[in-house]
1. Show me, for region 162-170, the HN-Hα J-couplings you get by feeding each phi into the Karplus relation (A = 6.51, B = -1.76, C = 1.60, θ = phi - 60°), rounded to Hz, glycine and proline as x.
2. Calculate for the chain the 222 nm mean residue ellipticity that helices alone would give, adding -39,500 (n - 2.57) per DSSP H run of length 4 or more and normalising by residue count, nearest 500 deg cm²/dmol.
3. LYS41: which lysines have alpha carbons under 17 Å from its alpha carbon, excluding same-chain residues fewer than 8 sequence positions away?
4. Under the Kirkwood approximation for Rh and a Cα-based Rg, what ratio Rg/Rh is obtained for region 122-193?
5. What distance in nm lies between label points placed 7 Å from Cα along the C-beta direction at ASP58 and SER183?
6. Quick one: length gained pulling ALA135 to ASP77 fully straight, 0.36 nm per residue minus the C-alpha distance?
7. First measure r as the distance between the Cβ atoms of LYS41 and ALA67, then evaluate 1/(1 + (r/R0)^6) with R0 = 35 Å and state the FRET efficiency to the nearest 0.05.
8. If we restrict to alpha carbons, what Rg and Dmax does the chain come to, in Å?
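What follows draws every value from the coordinates through simple rules; no lab data is involved. Remember, predicted model here, so these are calculated numbers, not experimental data. Cβ placement follows ideal geometry from the backbone for every residue including glycine, while neighbour counts extend to all protein chains displayed.
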Amino acid sequence: MPRLLIVGPQGSGKGTQGVRVADALAIPIVSTGDVFRANVKDGTELGLKVKAIIDAGDLVPDELTSAIVRDRLEQVDAAGGFLLDGYPRNVGQVGDLDGFLSGRGEQLTGVLELSVPRAVSIERLSLRASEQGRADDTEEAIAKRLSLYESETAPILDVYRERGIVDAIDGVGSLDEIAQRISAALAARGIPG
Ligand code: ADP
């Protein structure tokens, strides 16, 4: 059963590729960024709580984020596998996820690390800023998120590398080329079975 995580810096295209992987494997994609944005848009209690944090490019507290992911993973459609996007985002969240999964006798089966040079990342982000107008795509919030990626998120890859479950994917190329690299990496792990 594929229990996957896709990781990459802002602008790496992990959102786009994540949707493709999840569709191809018929598993739900669990994107914490999407959950937070939907709640902000709908003006829910959670949305009101996290809006300022997200707009500034800061991280939502681990306890809150981990509780949301746990609830989502307990839903029946995630029983046959899932693809996480944007969570875990720091080593503390890795511990939270490990605790939750091991309680069910499970663990992550694969981590896709999408890498792109900083310059490409920034170029794609400024394009997205002009196209989508995301509130956290201001220059300041982008810089904050990229630096948090380096300091908080990149270290989670060391943890997963030690477990031998990370595949590094070159994120430069056409959407189809990158999707192809991802399916080759998954196939080498016997996914789909
Ligand atoms: P990006 O990868 O472009 O920063 P995301 O959609 O993954 O965008 O996340 C948007 C924002 O949502 C983050 O900047 C952060 O404020 C919040 N967020 C998303 N995932 C997490 C997480 N796992 N932990 C804490 N905050 C998160």
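1. Result, rounded to whole Hz: 4, 8, x, 10, 9, 10, 7, 10, 6.
2. Values: 9 runs with 107 residues, N = 193.
Calculated mean residue ellipticity at 222 nm is -17000 deg cm²/dmol.
3. Within reach: LYS49, LYS51.
4. Values: Rg = 15.7 Å, Rh = 14.7 Å.
Ratio value, two decimals: 1.07.
5. In this crude label model, ASP58 to SER183 measures out at 4.3 nm.
6. Details: separation 58, 0.36 × 58 = 20.88 nm, distance 3.06 nm.
So the extension gain works out to 17.8 nm.
7. Details: r = 20 Å, r/R0 = 0.58.
The calculated FRET efficiency here is 0.95.
8. Reported Rg and Dmax, both Å: 16.0, 45.
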